[in-house]
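Only one structure is covered here, and it is reproduced in the block below.
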Amino acid sequence: MAGPINWFSQIVSITKFGLLSIPQRRGAVAATVIGIAGVVTVLVGVLSIAAGFRQAMTVSASPDGAIVLRSGADSEMVSGLGRDQTRVIADAPGVARTAQGPLASAELFVIINIPKRSTGLDANVPLRGVESAAWQVRDNMKIVQGRMFEWGKDEVIVGAGAAREFSGLDVGSKIKVGRYEWPVVGIFSANGGAAESEIWADAKVLQAAYNRGDSFQSVYARLNSPGAFQEFKDSLTSNPQLNVKVARQSEYYAEQSETITRLITTLGFLIAFLMAIGAVFGALNTMYSAVSARTREIATLRALGFGSGAVVVSLMIESLLLALVGGAIGGGLAYFAFNNFHTSTMNWQSFSQIAFAFKVTPELLVRGIVWSALIGLIGGLFPAIRAARLPIAAALREL
Amino acid sequence: MNENQSNNGALVRVENVGKIFHRGSEDIHVLADLHLQVPAGEFLALMGPSGSGKTTLLNLIGGLDRPTKGSVVVAGERIDQLSDRTLAAWRARHVGFVFQLYNLMPVLTAERNVELPLLLTHLSKADRKKHVDAALAMVGLSHRAKHYPRTLSGGEQQRAGIARGIVTDPTLLLCDEPTGDLDRKAGNEILDLLQALNREHGKTIIMVTHDPHASARASRTVYLDKGQLSNEPVK
């Protein structure tokens with residue numbers, strides 16, 4: 001009598017026959033596998049742009065870091081804070097302190113034009129004026145070439161991403177800032193974060209060059225602990241001397257990257273979905289041709305007593321396996337072609353370029369594999385049902 | 001096999017069977033009020049012109065198709081009323097099929113083809129091998145066990161097909177034009193084999209053929225024409 005073990009062995013047998021017969025229909029099978037690999041490559045590739053961009057924007061945000069802007073400002077570009085305000089902010093409760101004073105850096109943010117290495121065309125590059133605490137309020141900051149600029153001098157250091165993406169930012173070269181030319185004295189890294197896309201100078205020097213008086217655009221602060229944020233925020237927002245917006249650095253960067261990641265993610269899914277429709281038809285075609293080529297074999301097996309349910313499951317497994325092979329190839333291609341591919345793009349919130357690397361994360365690879373599995377299952381379902389419904393007597397006579 | 005026989009000693013009882021195929025709006029009456037009894041141990045040849053319904057009748061007896069009306073009882077079980085799933089299990093247990101075009105799996109060796117029906121049993125791998133070896137020996141194909149169908153002659157492929165048909169020791173062996181694709185010499189060898197299975201091993205065989213030379217090997221021949229059976233050839 002037929003039982004679960006028997007049913008399982010039927011499925012194993014029929015699946016095995018199907019897989020063994022693949023060389024006889026290798027053209028159609030290869031087209032399907034390549035089609036699915038293409039879908040997964042595009043899906044994972046496009047989403048790796050968004051993942052890389054998001055990572056660049058958030059990696060340098062420390063959990064106990066906060067940023068203060070003028071109320072209503074959604075980016076540093078449109079913010080403005082006077083010296084008296086930045087002092088109140090630095091002295092607020094919750095801000096961590098060292099022997100040198102509070103860990104808060106009042107900063108200036110301007111845009112300068114520098115040509116991209118890839119196109120030679122000018123792009124907006126952020127030039128940030130910082131105070132000495134700037135290194136302590138961010139994580140993973142490190143000079144990787146040359147030296148730190150000297151405070152009070154017309155010197156700049158350049159983020160590693162900016163140095164890679166834009167020309168004329170090597171150590172020893174000079175950049176034009178207003179009427180002046182400032183030497184690049186060092187390159188710094190920020191663990192791939194957004195700061196790596198920036199050029200840094202002494203805030204006071206930058207204020208003078210841009211006639212900004214003693215005004216800033218933001219204050220970056222490190223708090224005693226992540227839990228100190230609410231106390232810090234409440235003290236600033238309830239202070240009648242101030243009219244400010246307070247955010248955790250992580251939230252601020254996530255907000256800054258939202259528009260572009262949403263755009264890329266939506267586009268990525270749209271392109272992949274359209275390609276997936278094509279791939280489903282490819283899989284359908286392959287499995288229909290598999291069923292058609294094996295009509296008599298399948299009918300023979302059913303005549304011998306193999307169940308139609310086992311036929312359906314076996315064909316679905318075959319389709320799924322082919323799709324998973326395609327998915328794995330696509331994921332591998334995406335990883336080797338896109339992972340850590342460096343580029344830069346406009347961050348519309350700050351109107352400046354962000355240098356970042358595509359990130360093919362394990363989560364994206366899993367997502368690609370899931371997509372390929374779905375394509376395989378949908379592509380296999382209808383041919384499998386057709387195979388199981390074929391009248392045995394008629395199918396036995398198929399040539 | 002006596003325990004499988006129903007009353008009157010008939011292993012197969014086809015009663016009042018009609019079969020209508022629908023092609024578009026047209027109804028094609030292939031079998032009409034047909035009666036047939038096949039005792040256990042008989043080698044029955046079913047003859048008739050093309051389109052007379054021979055294979056249709058064989059398919060009804062083998063549980064590959066269902067009659068439009070009437071009943072088909074094999075070994076005391078009314079198979080036309082079984083569900084698809086039960087019928088599949090019934091075929092695995094009771095029927096061995098031999099096809100005109102052999103219907104072997106091209107990706108499997110002869111012995112693996114013969115083993116196929118045994119995959120539906122709970123026999124161990126070692127027991128399956130014993131059965132396969134015995135069936136191949138019975139049809140004289142042991143020396144070609146490891147060969148793929150494409151490397152076997154037509155006669156050898158049909159021997160493998162017969163070995164697959166008898167490997168589970170089924171109640172019935174149903175052969176649809178088993179020599180139809182073979183030359184005379186290979187055809188004779190297959191008929192010798194079927195005759196030996198019937199005479200020496202007591203197999204009940206129903207064979208569809210249009211070849212009088214083949215039907216002469218059977219213990220009884222019935223003729224089918226216009227959906228009706230007779231004991232005399234149709235003029």
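The values are calculated or read from the model by the stated rules, or taken from the named source; none is laboratory data. Since we're looking at a predicted model, the values are computed, not measured. For neighbour counting, all protein chains shown are included, and Cβ atoms are generated from backbone atoms with ideal geometry for every residue, glycine included. Accessible surface is based on the protein model in full, side chains and every heavy atom, while ligands, DNA and RNA are left aside. Shrake-Rupley method; radii C 1.70, N 1.55, O 1.52, S 1.80 Å.
Structure summary
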{"item": "Above-threshold pairs, the threshold being 27 Å between Cα atoms, out of A:K116/A:K176; A:K233/A:K359; B:K130/B:K203; B:K130/B:K185; A:K16/A:K359", "result": "A:K233/A:K359; B:K130/B:K185; A:K16/A:K359"}
{"item": "Rg to Rh, two decimals, where the stretch A:247-380 supplies the alpha carbon set and Rh follows Kirkwood", "result": "1.19"}
{"item": "0 to 90° range, to nearest 10: angle between helix A:362-389 axis and chain A longest Cα axis", "result": "20 degrees"}
{"item": "Radius ratio Rg over Rh of the stretch B:142-185, counting only Cα atoms, Kirkwood formula for Rh", "result": "0.98"}
{"item": "Stretch gain in nm, segment A:I271-A:V366, where the contour uses 0.36 nm per residue and the Cα spacing is subtracted", "result": "32.4 nm"}
{"item": "Hypothetical label at A:I143: residues of the stretch A:99-133 whose amide nitrogen lies under 17 Å (7 Å Cα-Cβ projection)", "result": "A:130-133"}
{"item": "Nearest 10 degrees, 0 to 90: helix B:184-201 Cα axis against chain B principal axis", "result": "90 degrees"}
{"item": "Rounded accessible area of A:R25 (nearest 10 Å², 1.4 Å probe)", "result": "30 Å²"}
{"item": "Whole-number percent relative contact order across chain A, with pairs defined as alpha carbons under 8 Å at least 6 apart", "result": "29 percent"}
{"item": "Accessible area in the full protein assembly, largest first, 1.4 Å probe, for B:K226, A:K204, A:K116", "result": "B:K226, A:K204, A:K116"}
{"item": "Qualifying lysines (Cα of each under 22 Å from Cα of B:K226; at least 8 residues distant if same chain)", "result": "B:K19, B:K54, B:K69, B:K235"}
{"item": "Given charges at beta-carbon only (K, R positive; D, E negative), |dipole| of the stretch A:72-242 in Debye", "result": "280 debye"}
{"item": "Rh (Kirkwood; distinct C-alpha pairs) - the stretch A:50-151, Å", "result": "16.1 Å"}
{"item": "The stretch A:180-240 - convex hull of alpha carbons, volume per residue in Å³", "result": "138 Å³"}
{"item": "B:R66 versus A:A30: modelled label distance in nm, points set 7 Å from Cα along the beta carbon direction", "result": "4.6 nm"}
{"item": "P(r) histogram, all alpha-carbon pairs of the stretch B:97-208 included - 5 Å bins from 0, percent", "result": "2, 13, 25, 26, 21, 9, 2, 0"}
{"item": "log10 of Debye I(q)/I(0), alpha-carbon scatterers only, for the stretch A:1-80 at 0.11, 0.23 Å⁻¹", "result": "-0.65, -1.06"}
{"item": "Fraction of the pair-distance distribution of the stretch B:10-230 above 22 Å, Cα-Cα pairs, percent", "result": "50 percent"}
{"item": "Residues B:H29 and B:H201, FRET efficiency given R0 of 30 Å [Cβ-Cβ distance, rounded to 0.05]", "result": "0.20"}
{"item": "Within a Gaussian network of chain B (alpha carbon springs, distance under 10 Å), most fluctuating of B:A160, B:A126, B:A110", "result": "B:A126"}
{"item": "B:H147 accessible area, assembled protein chains, probe 1.4 Å, Å²", "result": "60 Å²"}
{"item": "D (Stokes-Einstein, µm²/s), Kirkwood Cα radius, the stretch A:72-242, 0.692 mPa s at 37 °C", "result": "196 µm²/s"}
{"item": "The protein assembly as shown - charge dipole about Cα centre, Lys and Arg +1 at Cβ, Asp and Glu -1, debye rounded to 20", "result": "920 debye"}
{"item": "Cα extents of the protein assembly as shown along the three principal axes, largest first (Å)", "result": "120, 50, 47"}
{"item": "Where A:T261, A:T119 fall by accessible area, highest first, once all protein chains stay in place (1.4 Å)", "result": "A:T119, A:T261"}
{"item": "Relative contact order (%) - the stretch B:10-230, alpha-carbon pairs under 8 angstrom, separation at least six", "result": "30 percent"}
{"item": "Heavy atoms of A:E231 accessible to a 1.4 Å probe, total area in Å² rounded to 10", "result": "100 Å²"}
{"item": "Efficiency of FRET from Cβ geometry, B:L82 and B:K185, R₀ 51 Å, rounded to 0.05", "result": "0.80"}
{"item": "Solvent-free Debye scattering, log10 I(q)/I(0), computed from the Cα coordinates of the stretch A:236-277 at q = 0.15, 0.17, 0.24, 0.31 Å⁻¹", "result": "-0.57, -0.63, -0.81, -0.95"}
{"item": "Folded to 0 to 90 degrees: helix A:308-338 orientation relative to chain A principal axis, Cα", "result": "30 degrees"}
{"item": "Computed FRET value (nearest 0.05) for A:S118 with A:E258, which takes r as the C-beta separation and R₀ as 22 Å", "result": "0.30"}
